[in-house]
1. Among (i) 68; (ii) 52; (iii) 65, which one is percent of Cα pairs over 26 Å apart computed from these coordinates?
2. Give me Rg over Rh for segment 107-186, both radii from the alpha carbons and Rh done the Kirkwood way, two decimal places.
3. Please state, rounded to one decimal and in Å, the Kirkwood hydrodynamic radius that segment 1-146 gives when every pair of distinct Cα atoms enters the mean of 1/r.
4. Using mean Cβ contacts within 10 Å as the protection proxy, how do 249-255, 9-15, 132-138 order, highest first?
5. Looking at the calculated P(r) for segment 224-300, what percent of the C-alpha pair distances fall above 19 Å?
6. Be a star and scan segment 168-198 for residues whose amide nitrogen sits under 14 Å from the point 7 Å along the Cα-to-Cβ vector of Thr154.
7. Starting from the Cα-Cα distance between Thr253 and Ser209, subtract it from 0.36 nm times their residue separation and give me the gain in nm to one decimal.
8. Out of every Cα pair in segment 163-300, what percent are spaced more than 28 Å from each other?
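The values are calculated or read from the model by the stated rules, or taken from the named source; none is laboratory data. What you see is a predicted model; the values in this text were computed from it and never measured. Ideal geometry is used to build each Cβ from the backbone, glycine not excepted, and the neighbour counts take in all protein chains shown. Side chains included, ligands, DNA and RNA excluded: accessible areas come from the protein's heavy atoms. Shrake-Rupley method; radii C 1.70, N 1.55, O 1.52, S 1.80 Å.
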Amino acid sequence: MAGTNPCVYLIDGSSYVFRAYFALPPLSNSTGLPTQAIYGFTNMIQKLLKTHRPRYLAVVFDAGRETFRNQLYRDYKGNRPDTPADLIPQFPYFRKLLEAMNIAVLEMEGFEADDLIATLARHFSSRGNEVVIVSGDKDLMQLIGKSVRLLDTTKEKWIGVEEVREKFGVEPEKVVEVMALMGDSVDNIPGVKGIGEKTASALIQRFHSLENLFDHLDELEKTGLRGMARLRKALTDGKASAFLSRDLATVRTDVPIHVEWARLGYHGFNKGRLRELFTQLEFTQLLKALDVEEAAESQT
């Protein structure tokens with residue numbers, strides 16, 4: 001990603017929160033406040049800062065579970081369990097920590113974090129900025145291009161155009177066409193019943209879009225796929241579901257959000273505020289690391 005324009009990192013904060021929660025055993029401070037997700041989240045953010053040293057970044061959160069997609073499809077994400085009871089009291093601290101770290105936090109009612117990320121990625125990349133989306137969410141692969149990549153910090157894996165082609169067999173902008181057919185069990189997007197990822201990929205490689213596919217069902221035999229009668233029936237019966245699923249899977253790039261570039265600039269922690277939080281949360285190891293960092297700075 002060569003270029004002289006600044007690079008901005010857009011972090012899927014909600015995925016970080018849940019990843020941190022499930023990665024660690026239960027922890028709490030002496031007041032009984034659960035802290036494992038806060039502790040894991042803090043470590044993940046600090047690791048990202050140390051490893052990649054972003055100059056501009058924001059953490060983007062979902063503002064709530066209800067969005068315009070629930071109006072399109074009542075059962076969207078309806079298969080997800082309720083938020084764990086011991087995670088709920090930890091939520092306010094993610095924002096407090098990011099505030100102490102001087103990292104911008106973005107969210108907007110009615111839209112998912114993915115939509116804000118998509119809008120900002122499109123905006124900044126169109127201005128010539130490089131964009132790194134920190135997430136392993138396959139929904140966001142539709143945004144990848146010359147100036148936009150995904151960074152899956154779970155595996156420290158970079159995902160660009162070639163990686164999308166390897167996974168889905170199509171260009172990034174066609175990922176939603178594949179997902180429209182195969183669905184997505186994570187978000188409870190129905191897709192077309194009986195069509196999996198390989199078949200969906202093969203169909204979009206051949207027909208390129210849902211519109212063209214359904215306009216040329218008489219050419220299905222040319223794909224060489226097995227079970228032609230079953231496939232034809234599945235597509236005929238699932239046409240409406242396919243188009244609905246594409247709408248659900250497509251991230252919005254027109255969210256009415258305006259972010260000043262200067263707000264995304266990162267210039268280091270507010271160490272005093274961070275120390276207060278670490279003390280309250282009883283993060284002994286993180287306090288020691290902060291002491292070491294301050295001692296090293298005092299000697300330079």
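1. (ii)
2. On the way: Rg = 12.5 Å, Rh = 13.1 Å.
My calculation puts Rg/Rh at 0.96.
3. For segment 1-146, the Kirkwood estimate is 16.5 Å.
4. Working: 249-255: 17.9, 9-15: 24.3, 132-138: 22.0.
Ranked by mean Cβ neighbours within 10 Å, highest first: 9-15, 132-138, 249-255.
5. Roughly 69 percent, once rounded to a whole number.
6. Label zone hits: 185-187.
7. Values: separation 44, 0.36 × 44 = 15.84 nm, distance 1.97 nm.
Between Thr253 and Ser209, full extension yields an extra 13.9 nm.
8. Working: 4477 of 9453 pairs.
In whole percent, the long-distance tail amounts to 47.
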